[in-house]
1. Just name the residue that is farthest from G439 (Cα to Cα) out of those in region 352-377 that are assigned to a loop (DSSP other than H, G, I, E, B) and aliphatic (A, V, I, L, M).
2. For region 407-421, give me the residue count where each residue is closer than 16 Å to G439 by Cβ, part of a loop (DSSP other than H, G, I, E, B), at pLDDT 95 or above and not acidic (D, E).
3. Can D96 be described as of a type in the set (D, E) and surrounded by fewer than 21 Cβ atoms within 10 Å (Cβ to Cβ)?
4. Tally the residues that are surrounded by 22 or more Cβ atoms within 10 Å (Cβ to Cβ), of a type in the set (D, E, K, R) and in a loop (DSSP other than H, G, I, E, B), restricting the search to region 247-301.
5. Go through region 208-223 and count every residue that is among the aliphatic types (A, V, I, L, M), crowded, with 19+ Cβ neighbours inside 10 Å and outside any loop (DSSP other than H, G, I, E, B).
6. State all residues of region 136-172 that are open to solvent by 10 Å² or more (accessible area, probe 1.4 Å) and of a type in the set (D, E, K, R); if no residue qualifies, say none.
7. Just one of K175, K201 is in contact with a helix residue (DSSP H, G or I) (Cβ under 6 Å, 6 or more places away or on another chain) and either open to solvent by 30 Å² or more (accessible area, probe 1.4 Å) or modelled with pLDDT under 95 (or both); which is it?
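The values are calculated or read from the model by the stated rules, or taken from the named source; none is laboratory data. Given the structure is predicted, the values throughout are model-derived calculations rather than measurements. Ideal geometry is used to build each Cβ from the backbone, glycine not excepted, and the neighbour counts take in all protein chains shown. Note: areas computed on protein heavy atoms with side chains; ligands, DNA, RNA excluded. Shrake-Rupley method; radii C 1.70, N 1.55, O 1.52, S 1.80 Å.
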Amino acid sequence: MRIPAVRWLSPSRKLGGMRQRTVRTLSSLLLVSALGLGQAAQAESPWNNEWVRGAVFYEVFVRSFQDSGADGIGDLSGLISRLDYVNDGNPAGGNDLGVDALWLMPVFDSPSYHGYDTVDYRAIEPDYGNDNDLRRLCDEAHRRGMKVILDLVLNHTSSQNPWFIDSSTGPTSPKRDWYVWSNTNPGWQQPWGGGTTWYAKSGSFYYGVFWSGMPDLNFDNQAVRAEARSIADYWIERGVDGFRLDAARYMIESGSGAGQQDTNATHDFWREFADHVRSVKPDAVLVGENWSDTRTIASYYGETSNENPCGDELPLNFNFPLSFAVIQALKSNQAAPVAKVLSEVAALYPACAIDAPFLTNHDQVRLASQLNRSSSKQRAAASLLLTLPGAPFLYYGEELGLPNGSGSGDEAKRTPMPWDARKRSGFTTGTPWYPYAPGKKTVNVERARASNSSLFAHYRTLIALRQRTEALRRGDLQLLTNPNAGGSMLAFLRSTGSETVLVVQNLGSGFATTPAMDFPASGFTKLFPSSGPATPNGRPGAWQVSLPSYGTGVWRVQP
């Protein structure tokens, strides 16, 4: 998310004017079990969500996707009317993108346009529709073979949430312990080097790691933890297939500075929450937003066990280092940034962990703008994203080459979807909530779908290739490129027990050839060339591939 934006315990636990956090002792775990609020005393539940491995997710900002009326604001009914664009349910062909799942940015009641400050976790934002619309969306998506996950913002609420309004009335409030309060200002600064995290209210100070309008919930409070589980249950019962978990690093603090992120207590919370979701819906998915380095991200998969060999916390975590590396590689014409991140992932993630690669999201300047709208670079980025292991995430409009809109705020990253070149661009019959990004006369869905050579067609072809090629969808990755070497050529193998695929990507602006690659093969079957007749040549132990600038080659390896 990251819009600029205490845990109150018994008076006996005060320390330095601030109430200490509880320690998860045996007594606290027994309390959870006795109240029926968790799975602490039960056997660990296993995930059953292998459908996620290889699935392609599509991130949608509902406000900007399709307005079913004339108020200029996208809504759930509008999104339903456009589902055939993302997946029409016919795997045999068509003019749809063909993705496997949708991620909806926040759809709960909120006072802001972005929705990352929730007022009511059990109510759909009125601008978007109602509970029945969400159910209908899930039903229609499922009918087409797609899953639906929701953005779930648990770290904090809106300062207009009734819980916080109650909590801020004073120490005797029934909801006082639901937020983090201190009698004095502890003076903490944001852990990434920003401003204060404590704000004055009614003679006390409350904690909000992002800003004053987003006070942090107190997840040391077992009632708050129980409420989080209940909210998950509520939406799972309505057809939702999982959640994207915003600000997952910041759930429980242990002190100032680095003590505000990645604490042991935070990992304990996610372990407990994940086990509950598994017990309710084993095929659900949780996706963590942990904007950090590879080692930190890897820790959020949790500990491996016989029940959950891929980890007992979050089964997917966004790969932020890879996102930055792909863009850096395409700007520098060097494959090393990507190769280094892939090497880190191989070394640090649990062996069977499911990665969540992406190019850009709603918090970043759009890919097209970062790459100066270069069609060839955008194609190369898409080729890489859709041939990597894990569950790739695609931001709406990225498949069109949609650039940033006007302005420097986050709204410019979340502009309305241009469906055609007409005045209202097919998004609304009224005035859009925010101006369209420039260039919609040529960058729009209608034009993209009419051309077999468009960026959209490139995405569609690669998604279809991924879905019908077991090694691309579910295979392991063996990196063939030296992370410490120069050059623009990135090469790797994707392998299952029955199939191996070679992927080579030229991330440079000129014709290039790989160094000799050592792997067994008797021949190659071409699956996807971006251009040219390139085919691996040489001999076993010394295969080489030559590709034009930003070219891609994918071959099935004959044993």
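1. Quick first cut of region 352-377, residues assigned to a loop (DSSP other than H, G, I, E, B) only: 352-353, 357, 359-366, 371-374.
With the extra rule that they be aliphatic (A, V, I, L, M), the set shrinks to 353, 359, 365, 371.
On the way: A353: 40, L359: 21, V365: 16, L371: 16 Å.
So, considering only residues that are assigned to a loop (DSSP other than H, G, I, E, B) and aliphatic (A, V, I, L, M), the one farthest from G439 (Cα to Cα) is A353.
2. 6
3. Details: of a type in the set (D, E): yes; surrounded by fewer than 21 Cβ atoms within 10 Å (Cβ to Cβ): yes.
Criteria met by D96.
4. 2
5. Pass one, region 208-223, residues among the aliphatic types (A, V, I, L, M): 209, 214, 217, 223.
Filter once more, so that each one left must be crowded, with 19+ Cβ neighbours inside 10 Å: 209, 214, 217.
With outside any loop (DSSP other than H, G, I, E, B) added as a condition, the list becomes 217.
The qualifying residues number 1.
6. R136, D139, E140, R143, R144, K147, D166
7. Working: K201 fails: in contact with a helix residue (DSSP H, G or I) (Cβ under 6 Å, 6 or more places away or on another chain).
Answer to the check: K175.
This table checks each residue for (1) closer than 23 Å to E446 by Cβ; (2) more than 21 Å from the chain's Cα centre (by Cα).
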position	(1), (2)
A70	yes, yes
N87	yes, no
A101	no, no
L104	no, no
G129	no, yes
